[in-house]
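Asker: Okay, here's the structure, questions in a sec.
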Amino acid sequence: MRSELFQQAQETQRPGMHLQNHKMLRVGLNGEFFARQGSMVAYQGNIDFAYQGAGSVGKLFKKAFTGEGLPLMRVSGQGDVFLARDAWDVHLIDLEGDSITINGENVLAFEPGLEWDIRRVKGAGMTTGGLFNTVFTGQGRIAVACHGTPVLLDIDQPTFVDTDAAVAWSSALRTGVRRTAKAGALIGRGSGEAFQLSLEGRGFVLVQASEGVPAPTPSG
C-alpha cells in the first residue's frame, strides 16, 4: 500500500510539545501538562485526564462571576497526546521569563511550569462581556489556536481590536475598552463591534482573521 498521505501525515517523534501539523498539536509526554477540556483527538500510552479547577479561590471567584476563564484538564502519564480545536490553526509561543496575555478562548495547552491568572481588562464592565483574559508568566511553552491565519501588529500608536478577534498581546501594554459611537454593525463582522479592546504603549497584539465561532441562536 502506498500514498503520499502516509508520508505527509506521519507522526513526529520529538519529546515535549510540538506541532504535528498546522492544525494539530502533539505532546510527547513523560510527566504532565495542562490542556483545554475537550481538545484531545487521540492518544497512545498510559495517559490520564483529570478536571483541573481554577487553581485558587481568587481564580475560582473570577471564573464563576464572569462566566469566563479557562476550562482546563490536567494530562499526565507517559505516551503521546494529540490536541486540536475545530481545525483551527495552532501556533506555539515560548516564554523566557516574561509575560503574555491570551484570550482564554484561544488557549489550547501549556506546560506546567508557567504561572497563570485570570485578570480583567481595565474599564470593562458586564456590558462588554467581562473581558477577562489569562495572563501567563515564567518559562515554558504555550499552544494557542487561532480561527483563521492571524496577523501580528506592532503597537507604536493607539490600536483598537475587536474583543473576539484579539488572541494575545504584550502584558506591559495599557489596555482598556473603547465604545463605538456609531452603530456597531457598520464597522466589523460580528456582534461585538460596539466595543473594542484598546492598546497603548510598546508591544504587540496578535489578531485572528475571525471573531471565532458564533454562539448558536435559539431556534423558533
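Computed from the coordinates by the stated procedures, all read-outs in this text should not be read as laboratory data. All values derive from a computational prediction rather than experimental measurement. Cβ sites come from the backbone with ideal geometry, for glycine too, and all protein chains shown count toward neighbours.
Asker: What FRET efficiency comes out for the pair residue 93/residue 178, r = Cβ-Cβ distance, R0 = 35 Å, nearest 0.05?
Answerer: 0.85
Asker: When the Karplus curve 6.51 cos²θ - 1.76 cosθ + 1.60 is applied with θ = phi - 60°, which whole-Hz ³J(HN,Hα) does each residue of segment 35-45 get, with x for Gly and Pro?
Answerer: Couplings: 9, 5, 4, x, 8, 6, 10, 6, 7, 10, x Hz.
Asker: All other residues with a Cβ under 11 Å from the Cβ of residue 95 taken together, and with Lys, Arg as +1 and Asp, Glu as -1, what is their net charge?
Answerer: -4
Asker: At what distance in nm do the modelled label points of residue 156 and residue 119 sit from each other, each positioned 7 Å from its Cα along Cα→Cβ?
Answerer: 2.5
Asker: Let me ask another. Count charges around residue 78 for me, please; just the other residues with Cβ under 13 Å from its Cβ, Lys/Arg as +1, Asp/Glu as -1.
Answerer: Result for the local shell: -3.
Asker: Could I ask something else about it? Between residue 32 and residue 44, how many nm apart are label points set 7 Å from Cα along the C-beta direction?
Answerer: Using points 7 Å along Cα→Cβ, the separation is 2.5 nm.
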